[in-house]
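Read the figures in this text as sums done on the coordinates, not as results from a lab. This one's a predicted model, so the numbers in the text were calculated from it and none came from an experiment. Positions of Cβ are generated from backbone atoms using ideal geometry, with glycine treated the same way; all protein chains shown enter the neighbour counts.
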Amino acid sequence: MFVVATRGPDQPNIAALPYVALKGAVQSGEFPGEPPEIFLMQEATYLAHKGTDLSQIKAVGLPPISEVVAFLREHDLKVIVCSPCADARGIREEDLVEYARMGGAGDLAKGAKTHSATLTF
């Protein structure tokens, strides 16, 4: 499953949902052979910043994003950060967590094309 996220730490109830959706997809077994992949845009770029404490970001009634990311990383989570969005927020490649990388519109298109389902938050 491929997820596009646009909400960041300032909106924790929405920011957590893409990760929770990916976890549910992995647990369902409906997407065999497809590693969970998330493309972070706009304010969601902060979710891949080393300085963001994901243990403090959660939706009401759901676990913190950090716990969900730990699960997803065990299933080869791919995180791509929109480079122009990150640049506009002063986020550089070296600011990203180890499991994230910068990407662009080509990565967004490829993710949508190569996965059997795409969700946007």
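Net charge dipole, segment 1-52: roughly 140 debye, given to the nearest 20, about the Cα centre with Cβ charges of +1 for Lys and Arg and -1 for Asp and Glu.
Comparing V79, V20, V60 in a Gaussian network model of the chain, where Cα atoms under 10 Å apart are tied by springs, the biggest mean-square fluctuation is seen for V60.
Computed from the C-alpha gyration tensor, the three semi-axes of the ellipsoid equivalent to the chain are 20, 18, 12 Å, from longest to shortest. Backbone geometry of segment 11-20 corresponds, through the Karplus equation with coefficients 6.51, -1.76 and 1.60 at θ = phi - 60°, to 3J(HN,Hα) couplings of 10, x, 5, 8, 4, 6, 4, x, 5, 5 Hz, x marking Gly and Pro.
Could you list H75, H115, H49 so that the one with the fewest beta carbons within 10 Å of its beta carbon is first and the one with the most is last?
Listed from fewest to most nearby Cβ atoms, that is H75, H115, H49.
A Cβ-based charge dipole, computed about the Cα centre of the chain with Lys and Arg at +1 and Asp and Glu at -1, lands at about 180 debye. By the beta-carbon count within 10 Å of each Cβ, the least crowded to most crowded order of Y46, Y99, Y19, fewest first, is Y99, Y46, Y19. Among the trypsin sites (Lys or Arg not before Pro) within segment 52-121, those in coil by DSSP and having at most 12 neighbouring Cβ atoms inside 10 Å are R92. Between the residues F31, T120, P18, the greatest Cα displacement towards the positive end of the dipole of segment 2-120, with unit charges on the Cβ of Lys, Arg, Asp and Glu, is found for T120.
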